[in-house]
Every structure is written in C-alpha cells, then in structure tokens.
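Novice: Dropping a structure here in structure tokens format, bear with me for questions.
The values are calculated or read from the model by the stated rules, or taken from the named source; none is laboratory data. Model, not experiment: these values are computed from the prediction. As a convention, Cβ positions derive from the backbone with ideal geometry for all residues, glycine included, and neighbour counts pool all protein chains shown. Remember, those area values only see protein heavy atoms, side chains included, never the ligands or the DNA or RNA. Shrake-Rupley method; radii C 1.70, N 1.55, O 1.52, S 1.80 Å.
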Amino acid sequence: MNDKAHILLDAISIARGAGQIQMANFRSATLKVETKDNEYDLVTAADKACEAFVASKVHELYPTHSVLSEESGDDDVKSDWQWVVDPVDGTTNFKSGLPYFTISIGIRYRGETVIGVVYAPRLDELFTAVKGEGAMLNGEPIKCSACTSISQAVVCTGFPYDKAENADNNIAESVRMIPKVRGYRRLGSASLDICYTAAGILDAFWELNLHIWDVCAAYLIASEAGCEIHRLRTDRAESVLISPKALTQPMLDVLLPSTI
Ligand code: IPD
Ligand code: CA
Ligand code: CA
C-alpha cells in the first residue's frame, strides 16, 4: 500500500472517531456553546473535543505532519504534509439539532491537496477522494450532475458570518438567482454542500468568504467528481462556484452580471 492509501485509511478512521464524538454530543441538553467574532458565529464543546481528538491522533500516527484547524489555527510544525481540519462544519445546525453537519479533513502534500475526507455522522455518509483517483460516497464512485439548464437546477449557497455589518453578503446574488433556478437551498454545511454537488445530488453550489478548513477536502472531492471549481473573486477569502461544466457560465452570468 502506498503512502496516500495508508494515510487515507487513517484519515477515514480519525473522521469516524470524530463523528462518534459529534454524535455523543448531538442534541445534548448540556452542550456548552459559546460565540466567537459575533452572535452568529458559534463554537461548541463538540467542536473543541473533535479538534483535540483529530490533532492528537495525527500527532500520534504522523508525528512529523502538521495540522491546521479552525479553532486552534496552525500548529507551526514544518512539514511537507499538512492536515486541514474543520472539526464540525455546520455548527449552527449541530447546535440546533439539525442532522446536516460534518467533520472535514483535507490533507496537503507540499501545498497540494491529495486526500479529502468529509464525514456526516448522523447521515452516515462518507465522502473520500485521492488526487487522480476519483471521488467516492460510501465507497461508490460519484460524479457531478448532468444538468445542463439553470432552470432545471437545484442550487445551494450560504451566507458569511459578517452578514450584519457587511452589505457584501450574498443577498443580492441570491435575489438574482432564486427566480432563475428550479430550487434554491441554504443547508448549512459548506463541506457537505460541496460534496453533494460532487455527487450530483445538488446541481451547483456557490458561497463567498469561506475558509480553507471549510473547503480543502471538499474541493478535491468535487474536482475528482468532475466539477469545475471557479474562483468568483479574490477579495473575499474562498469565494467559489462549484458546478458541472455546462452550468458554470449560466451560473456566472447570474452571479457576476457585470462581467458579461
Ligand atoms: C460554516 C458552514 C456554513 C457556511 C459558513 C461556514 P462552521 O462553517 O459551512 O454552511 O455558510 O460560511 O463558516 O462555522 O459551521 O464551521
Ligand atoms: Ca466550517
Ligand atoms: Ca467549524
């Protein structure tokens, strides 16, 4: 077994372990919840426990690898290998008792993402990809949607946490998009939204101001499933459209009308 195959198996096992921690805390009446930069941005005891679990497993199994995770940042270990971790993606859903949340682990070698694992424990859906080897959902190959018409598309998005103080908050884009598409969804976990787009369950996804831990694993899963990953702009962190080729331009025409 090569290095990447080994690391993938370990990453899956770590994701499942983190999923167990999430499930042990899901709908707990005593779950500790705090706010971060503003009232909308939450962190729970489960986020912290999952993050500590993943970091300790990575350090135990791969002492030379580094970890970058949402709540703790970069561990500053100098390494060719970096694990990029969102310990709970979809914390608002998790806190509310909605089953749509994940643990997301992207693994980079010399800056390039080579392994992606996104696990939704309540749904028991495991998305995986290895660079150049395709993407899977629960061990079965996945492919992006064959939809070619925006009017037949079910699309998904999300809103940045600074939505109250920043008018550049995806509402104008949403207002333009809603009348054009068959279905418009805001589901609440960018990593799972992108994986569902990879699997052709959703036809396309876009969001502004995501962070690398939200998308590192899911970008690889989406590109290995045949999606296009189009950077919408460079001034708002990870602002991205994920779509099958046939929907990219029709979506861009709505999202970025000034560039037509
Ligand atoms: C959030 C979710 C949400 C997206 C936000 C993210 P978190 O991640 O992915 O769907 O709209 O932009 O920050 O805070 O639950 O890890
Ligand atoms: Ca996240
Ligand atoms: Ca998170």
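Novice: Criterion first (open to solvent by less than 50 Å² (accessible area, probe 1.4 Å), over 18 Å from the mean Cα position of the chain (by Cα) and touching a residue at least 40 places away in the same chain (Cβ under 8 Å)) does Y62 satisfy it?
Specialist: Working: open to solvent by less than 50 Å² (accessible area, probe 1.4 Å): yes; over 18 Å from the mean Cα position of the chain (by Cα): yes; touching a residue at least 40 places away in the same chain (Cβ under 8 Å): yes.
Taking the combined requirement at face value, the residue satisfies it.
Novice: Let me ask you something else. Please verify whether G97 is of a type in the set (G, A, S) and either under 15 Å from the mean Cα position of the chain (by Cα) or on the phi < 0 side of the Ramachandran plot (or both), treating the condition exactly as stated. Can you show your working first?
Specialist: On the way: of a type in the set (G, A, S): yes; either under 15 Å from the mean Cα position of the chain (by Cα) or on the phi < 0 side of the Ramachandran plot (or both): no.
Spelling it out, it is not the case that G97 is of a type in the set (G, A, S) and either under 15 Å from the mean Cα position of the chain (by Cα) or on the phi < 0 side of the Ramachandran plot (or both).
Novice: When both residues are 6+ apart or on different chains and their Cβ atoms are under 8 Å apart, which pairs have a first residue that lies in segment 233-260 and is modelled with pLDDT under 95, and a second that is surrounded by 14 or more Cβ atoms within 10 Å (Cβ to Cβ) and small (G, A, S)?
Specialist: R233/S239
Novice: Quick one: in segment 205-247, of everything that is open to solvent by 10 Å² or more (accessible area, probe 1.4 Å) and polar (S, T, N, Q), which residue is nearest to A146 (Cα to Cα)?
Specialist: Within segment 205-247, the match that is nearest to A146 (Cα to Cα) is S223.
Novice: Filter segment 177-191 down to residues that are of a type in the set (A, V, I, L, M, F, W, C), more than 8 Å from ligand 1 (Cβ to nearest atom) and either open to solvent by 30 Å² or more (accessible area, probe 1.4 Å) or assigned to a helix (DSSP H, G or I) (or both), then give me how many there are.
Specialist: Number of matching residues: 2.
Novice: Considering each residue of segment 14-55, count those that are without any contact (Cβ under 8 Å) to a residue 24 or more places away in the chain and in a helix (DSSP H, G or I), and give that number.
Specialist: 3
Yes/no per residue for (1) within 16 Å of ligand 2 (Cβ to nearest atom); (2) touching a helix residue (DSSP H, G or I) at 6+ places or on another chain (Cβ under 7 Å); (3) not aliphatic (A, V, I, L, M):
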{"position": "S28", "(1), (2), (3)": "no, no, yes"}
{"position": "K32", "(1), (2), (3)": "no, yes, yes"}
{"position": "T44", "(1), (2), (3)": "yes, yes, yes"}
{"position": "L61", "(1), (2), (3)": "no, yes, no"}
{"position": "S72", "(1), (2), (3)": "yes, yes, yes"}
{"position": "D86", "(1), (2), (3)": "yes, yes, yes"}
{"position": "L98", "(1), (2), (3)": "yes, no, no"}
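Novice: Might you let me know whether segment 182-199 holds any residue that is of a type in the set (D, E, K, R) and more than 24 Å from A129 (Cβ to Cβ)?
Specialist: Yes, segment 182-199 contains at least one residue that is of a type in the set (D, E, K, R) and more than 24 Å from A129 (Cβ to Cβ).
Novice: What number of residues in segment 55-86 are under 20 Å from L9 (Cβ atoms) and within 14 Å of ligand 1 (Cβ to nearest atom)?
Specialist: Residues flagged as under 20 Å from L9 (Cβ atoms) and within 14 Å of ligand 1 (Cβ to nearest atom) within segment 55-86 amount to 2.
Novice: Please name all residue pairs, on different chains or six or more residues apart, with Cβ atoms under 7 Å, provided the first residue is in segment 205-216 and is under 15 Å from T102 (Cα atoms) and within 11 Å of ligand 2 (Cβ to nearest atom) and the second residue is among the charged types (D, E, K, R) and open to solvent by less than 20 Å² (accessible area, probe 1.4 Å).
Specialist: If the second residue must be among the charged types (D, E, K, R) and open to solvent by less than 20 Å² (accessible area, probe 1.4 Å), the pairs left are W213/D86; D214/D86; D214/D89.
Novice: Which of (1) charged (D, E, K, R); (2) more than 16 Å from ligand 1 (Cβ to nearest atom); (3) over 18 Å from the mean Cα position of the chain (by Cα) is the odd one out, the single condition R16 does not satisfy?
Specialist: All conditions are met except number (3).
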